[in-house]
1. Quick check on region A:1-32: of everything there that is among the aliphatic types (A, V, I, L, M) and part of a helix (DSSP H, G or I), which residue is farthest from the chain's Cα centre (by Cα)?
2. Going through region B:39-72 one residue at a time, which ones are crowded, with 19+ Cβ neighbours inside 10 Å and at positive phi?
3. If I ask for residues that are in a helix (DSSP H, G or I), closer than 27 Å to A:Phe156 by Cβ and among the acidic types (Asp, Glu), which ones from region A:178-206 would you list?
4. When you check B:Val64 against the structure, is it closer than 18 Å to B:Cys107 by Cα and among the β-branched types (Val, Ile, Thr), yes or no?
5. Just checking, which of A:Ala297, A:Ala280 is within 14 Å of chain B (Cβ to nearest Cβ) and open to solvent by less than 10 Å² (accessible area, probe 1.4 Å)?
6. Six or more apart or on different chains, Cβ atoms under 6 Å: show the pairs whose first residue is in region B:33-50 and closer than 18 Å to B:Met1 by Cα and whose second is of a type in the set (D, E, K, R) and not in a loop (DSSP other than H, G, I, E, B).
7. Six or more apart or on different chains, Cβ atoms under 6 Å: show the pairs whose first residue is in region A:250-276 and under 15 Å from B:Ser245 (Cα atoms) and touching a residue at least 60 places away in the same chain (Cβ under 8 Å) and whose second is open to solvent by less than 50 Å² (accessible area, probe 1.4 Å) and outside any helix (DSSP H, G or I).
8. Looking at region A:1-32, which of the residues that are among the hydroxyl-bearing types (Ser, Thr, Tyr) and touching a residue at least 12 places away in the same chain (Cβ under 8 Å) is surrounded by the most Cβ atoms within 10 Å (Cβ to Cβ)?
2 protein chains.
Amino acid sequence: MEYHDQLGLSRERFADLAEQFHDDSYRGRAYRRLPDYRKAVEKGTVLIAGTVVRGFPKIPRCLVLDEGIPQHFNREIAVEEKLNGYNVRVARIEGDVLAFTRSGIVCPFTTHKVRRLVDCEAFFDRHPDRMLCGEMVGPENPYTTADCYDVDSIAFRAFDIRDRESGESLPVEDRRAACEDLEIPQVDLFGVYEPAEAVEATPEIIDDLDSRGREGIVMKTVDGGQQLKYTTSAANQGDLAFAFSLPFDYGRDFSFRRLIREGFQSVEFADSEVERRQRAHGVGESLLVPMADAIEAVDEGERLGERHTVRAEPRVVDALLDHFHEQSLSLDIEQDRRIEGERVLTFSKRIQRSTDKIDSYLDGTIVKE
Amino acid sequence: MEYHDQLGLSRERFADLAEQFHDDSYRGRAYRRLPDYRKAVEKGTVLIAGTVVRGFPKIPRCLVLDEGIPQHFNREIAVEEKLNGYNVRVARIEGDVLAFTRSGIVCPFTTHKVRRLVDCEAFFDRHPDRMLCGEMVGPENPYTTADCYDVDSIAFRAFDIRDRESGESLPVEDRRAACEDLEIPQVDLFGVYEPAEAVEATPEIIDDLDSRGREGIVMKTVDGGQQLKYTTSAANQGDLAFAFSLPFDYGRDFSFRRLIREGFQSVEFADSEVERRQRAHGVGESLLVPMADAIEAVDEGERLGERHTVRAEPRVVDALLDHFHEQSLSLDIEQDRRIEGERVLTFSKRIQRSTDKIDSYLDGTIVKE
């Protein structure tokens, strides 16, 4: 079957889209990936070895649970935890298990870790045409920094099993049973509810997750067809803190959206005046403290960056560094140790724009606005 | 002299620019005005009765006084107060004194007020080719809301006297003397300093202004040729509160810039940890409290708007309402009283986008981001 058939597109439509795909390769195997959102096909969709690995869809969000849930759903939904890590799709291509990031890149580090963390061969023997979708969480990974999961280094948590080509999900119950059978760790399920029940139940779930510094929930119809997400104040404020630690790279729209979420949550969750003030103080600290820290760091001659630590066999860390090098990322190595035969590397991805802008304003550059 | 000569442009260059001017009129007198910033000519420049009323230039800003002042200035500067009101240029055209707003609109209300507040005829008898530039401040005006100046209704404060055509400023000393002679109220002068002295003096001036809820300072070379501004935390946070009371209209870039200012000020003013936390709490409250109030207001069926009060003879208020009507502004009248022969009108300029967006999210609309 040709790619356009697998994607459900006409030959003409696919020809237009094909120009948007980027050429890439992993260990000598060429593939093409769609780096942005498009109408016809999900971001991160990959064409590889004659087959399609469908991108993971963007999950819509509501700002108000009370109205958003019944607006979006008219049947039973499962409420599961949304984790703060990075999204990965695992597929077996010509006998090789590969881990694809959200934007469709085969990550050598993640590929290695997933093979260790999950019995992938057993999974794909049972589900050859599917992909296993999940979140990589934990403090030692090359992409995200959240550290609230009682994970020492890195872990995988499944949240979906999809048809590799069409992207169609297994029903929630079947997926959870399949993962349990194969001892694949998965995200927590809080319950299955009618929409009206979910409106009652979700604020408490969110409050509890918030108190533990967790990110939020994904609600989905039990057939897996429709999804909706909602995040905690802890996640919103954590994102703001991240954004304003690199203000000129992430500050504007990214932070505006999270501020708006806090506003709607404060109203829906009926904050008392004291609670609203506390939330406001949290918001303000998330913005100002990391920003002032960043300005002071640049003032002292430091470069800004995103710091990550990875731990793996030396050859895996080498492969990751080569991979980042191919992507033209500039890394500063901050610490490089061997512990029990593994290489534990702390590096910082240089973020140029915020460093340069802050430097220039500190030098007295004038703003014309 | 033709317009292009007065503006110092070639005939060809002016012909290109002329298309950007908007046609307008005031009491049967036609004029053209430049509503946006352009390279060649200042925003708000007006062509009227064969003469030019040059726009007031945008004043550049520094984020760091310490480096910004010596970068920008190499000679003596006067430091004056920057007021939080609206900018107005007053000129005499064919014998009529007219008040132009920043974007070059003749405002009937402001024109009336300026004629009462300032001895305009005496001014223009002495300075026929100049314009008087100043800020309208006080709680009763149709454009701004700051109320920190011990002004009951509305007042004028001069800060510049410029050549009407070229825009060239009188030296600060001459301007201040000219205003004093004619008893024209003017902005406070804090002192005249060498750049290095200004670096020492300005943080204290800013701290004092901040403690009184004032907006900031304008520094200018004593010949009036170059300007630079800097604002207080009170102004930054006041702007944030305004922006987030109408979050989808003003929230994004407007607020981002002000957050950045707070970050640099916190570092330059060497906030202690406690002071930084206090500033952060102020920032957070400026954002969250007005936003939550706006969401609650829309939830209760209110329309959002910018509320203003004006007080004047009934015919002047009528003229202002006609003027807004011509500009297609939608007003909700909230209170309409007569006090000692004057009409005291409180109205709200409808702000549609924030009202609609909040309403839609409250109804459960999904965000795809």
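1. Narrowing region A:1-32 to residues among the aliphatic types (A, V, I, L, M): A:1, A:7, A:9, A:15, A:17-18, A:30.
Keeping just the survivors that are part of a helix (DSSP H, G or I) gives A:7, A:15, A:17-18.
Working: A:Leu7: 24, A:Ala15: 30, A:Leu17: 25, A:Ala18: 25 Å.
Restricting to residues being among the aliphatic types (A, V, I, L, M) and part of a helix (DSSP H, G or I), the top hit is A:Ala15.
2. B:Gly44
3. If the condition is that a residue be in a helix (DSSP H, G or I), closer than 27 Å to A:Phe156 by Cβ and among the acidic types (Asp, Glu), then A:Glu180, A:Asp181 are the ones that fit.
4. On the way: closer than 18 Å to B:Cys107 by Cα: no; among the β-branched types (Val, Ile, Thr): yes.
Here the answer is no, as B:Val64 does not meet what is asked.
5. Values: A:Ala297 fails: open to solvent by less than 10 Å² (accessible area, probe 1.4 Å).
Testing whether each residue is within 14 Å of chain B (Cβ to nearest Cβ) and open to solvent by less than 10 Å² (accessible area, probe 1.4 Å) leaves just A:Ala280.
6. B:Val46/B:Arg33; B:Leu47/B:Arg32
7. A:Phe264/A:Leu63; A:Phe264/A:Val64
8. Taking region A:1-32 as the starting set, the residues that turn out to be among the hydroxyl-bearing types (Ser, Thr, Tyr) are A:3, A:10, A:25-26, A:31.
Subsequent filtering for residues that are touching a residue at least 12 places away in the same chain (Cβ under 8 Å) retains A:3, A:26, A:31.
Working: A:Tyr3: 19, A:Tyr26: 19, A:Tyr31: 22.
The qualifying residue surrounded by the most Cβ atoms within 10 Å (Cβ to Cβ) is A:Tyr31.
The values are calculated or read from the model by the stated rules, or taken from the named source; none is laboratory data. As the structure is a prediction and not an experimental result, all values here were calculated from the model. Positions of Cβ are backbone-derived with ideal geometry, glycine not excepted, and every protein chain shown enters the neighbour counts. Protein only, heavy atoms only, side chains kept; ligands, DNA and RNA dropped before computing areas. Shrake-Rupley method; radii C 1.70, N 1.55, O 1.52, S 1.80 Å.
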